[in-house]
Amino acid sequence: MSRTPTPTPAPTTAARDESRLRAPRRDNCAWCGSDRFHVRRRSADPMGHAPGTFVVQQCGSCAHTFLNPPLTAEGLRLYGRNQAAGLAPALARALRGPGAGGEPGRTRARAMLPYGEPESWLDVGTGDGSFPAAAKELFPYTAFDGLGSDAAAIEKARAEGRIEEAHLGSLSGASGSLPGRYDTVSMLHHLEHSADPHAELAAARTVLRPGGHLLIEAYDPRSWFGTLLGPWWAPRLQPVRPHLVPYEGLRAELERLGFTVIAADRRGAHRPGDLTGATALLLAGARPRNGTGTGEGRKRLSPPGRAVRRALLAASGPALSLAYALDSLLAPLARHTRLANTYRLVARRG
């Protein structure tokens, strides 16, 4: 006698969201494939927007730090847009770190001066085009294009003349239509935000002409600040920085792809802000969250909770100013030791 099959229950909204925003959990290192890794940090989203817990693991073989389970590309876009929403501007700036424009942008662009003025330059992860605008001051005859995942920001950058062409999405997704088009590609704190750093590096080789240059700046997970500050080290901010790639691992991957690393710098790449970021994370975690949840489950703060939140936000300015003063005092020491939080390299495509 045949039986009527029992209908499979439809997945709940939460389950659908989970599968849409998070990829399956990895059982090996996202960089080298080793099965030797341990939990480095387990936390909720300090910004208060992402549901659930985010686990950061570090490989015991190559020191690569990665979010596990990882986010999908859609998850990265969603959490990236909402990262600073609801925070005071001072907290948001401290957690974002130094901007790409102005003097920080010019400092990064100076790393390319020894190699002549390129005809064409693609800035990957360009955001609002701040870096191309700063680099244009040093390379006035270069045509700068930008690529990013925020359609509104990148279109605004194009409309306001900071970039000439705007490309939307990931470099690995766009590279097929841009083969051999650029003399220079820059990835400034892009790899730690990408879903697949290996694919982005391979795509950079595709879009570069032979002899072209790749400029990369990235947080160093082996920085002593990362060890000292542990879960409060801002470069590990989750869920929007799913990868921190050690210099040694990045160099090996570039060489495998046919690049030659011709310059590397930790001293000039260091950006004071480790204590400032840790303070911002502590303040963000301590403040009561206003309006968490969705729909009928949305909770509003009680009057005492709102008062505590206002007091913490009011105190954030002086606390962050003091932390940044300490960061600035420590900067000369950090630049000459493994406290340096960032590395920068230039590689030439073979």
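The values are calculated or read from the model by the stated rules, or taken from the named source; none is laboratory data. These figures come from a predicted structure and were not determined experimentally. With ideal geometry, Cβ positions are generated from the backbone for all residues, glycine too; neighbour counts draw on all protein chains shown.
In this structure, does residue 19 turn out to be hydroxyl-bearing (Ser, Thr, Tyr), modelled with pLDDT of 60 or more and in a helix (DSSP H, G or I)?
The answer is yes for residue 19.
Going residue by residue through the stretch 241-255, is there one that turns out to be in contact with a strand residue (DSSP E or B) (Cβ under 7 Å, 6 or more places away or on another chain), of a type in the set (Lys, Arg) and within 17 Å of residue 31 (Cβ to Cβ)?
yes
Among the residues of the stretch 63-89 satisfying the criterion of being over 18 Å from residue 235 (Cα atoms) and crowded, with 19+ Cβ neighbours inside 10 Å, which is modelled with the lowest pLDDT?
In this case the residue turns out to be 88.
Are there any pairs, at least 6 apart or on different chains, whose C-beta atoms fall under 7 Å, with the first in the stretch 328-344 and in contact (Cβ under 8 Å) with a residue 60 or more places away in the chain and the second in a helix (DSSP H, G or I) and among the aliphatic types (A, V, I, L, M), and if so, which?
339/333; 340/334
Here's the yes/no breakdown for (1) at pLDDT 65 or above; (2) surrounded by 12 or more Cβ atoms within 10 Å (Cβ to Cβ):
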residue: 294; (1), (2): no, no
residue: 297; (1), (2): no, no
residue: 302; (1), (2): no, no
residue: 306; (1), (2): no, yes
residue: 318; (1), (2): yes, no
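Is it the case that some residue within the stretch 200-209 is assigned to a strand (DSSP E or B) and surrounded by fewer than 23 Cβ atoms within 10 Å (Cβ to Cβ)?
Taking the stretch 200-209 first, the residues assigned to a strand (DSSP E or B) are 208-209.
Restricting the remaining residues to those that are surrounded by fewer than 23 Cβ atoms within 10 Å (Cβ to Cβ) gives 209.
Yes, the stretch 200-209 contains a residue that is assigned to a strand (DSSP E or B) and surrounded by fewer than 23 Cβ atoms within 10 Å (Cβ to Cβ).
For the stretch 253-277: of the residues being within 21 Å of the chain's Cα centre (by Cα) and either acidic (Asp, Glu) or not in a loop (DSSP other than H, G, I, E, B) (or both), which is modelled with the lowest pLDDT?
Of everything passing the filter in the stretch 253-277, 277 is modelled with the lowest pLDDT.
Residue 195 versus (1) within 16 Å of the chain's Cα centre (by Cα); (2) assigned to a helix (DSSP H, G or I); (3) under 20 Å from residue 67 (Cα atoms): which is the lone unmet condition?
Of everything listed in (1) within 16 Å of the chain's Cα centre (by Cα); (2) assigned to a helix (DSSP H, G or I); (3) under 20 Å from residue 67 (Cα atoms), residue 195 misses just condition (2).
All but one of (1) surrounded by fewer than 24 Cβ atoms within 10 Å (Cβ to Cβ); (2) under 17 Å from the mean Cα position of the chain (by Cα); (3) farther than 21 Å from residue 77 by Cβ hold for residue 216, so report the exception by its number.
(1)
Kindly state which helices (runs of 4 or more DSSP H) lie completely within the stretch 106-191 and contain at least 2 residues that are modelled with pLDDT of 95 or more and surrounded by 21 or more Cβ atoms within 10 Å (Cβ to Cβ).
In the stretch 106-191, 130-135 are the helices (runs of 4 or more DSSP H) which contain 2 or more residues that are modelled with pLDDT of 95 or more and surrounded by 21 or more Cβ atoms within 10 Å (Cβ to Cβ).
Which number in (1) free of Cβ contacts under 8 Å to residues at least 40 places away in the same chain; (2) farther than 21 Å from residue 130 by Cα marks the one condition that residue 220 misses?
(1)
Give the residue that is modelled with the highest pLDDT, with candidates limited to residues of the stretch 23-55 that are in contact with a helix residue (DSSP H, G or I) (Cβ under 6 Å, 6 or more places away or on another chain) and under 25 Å from residue 250 (Cα atoms).
For the stretch 23-55, the residue satisfying everything is 31.
For the stretch 242-249, state whether one or more residues are assigned to a strand (DSSP E or B), of a type in the set (A, V, I, L, M) and under 25 Å from residue 272 (Cβ atoms).
Looking for residues that are assigned to a strand (DSSP E or B), of a type in the set (A, V, I, L, M) and under 25 Å from residue 272 (Cβ atoms), one finds at least one in the stretch 242-249, hence yes.
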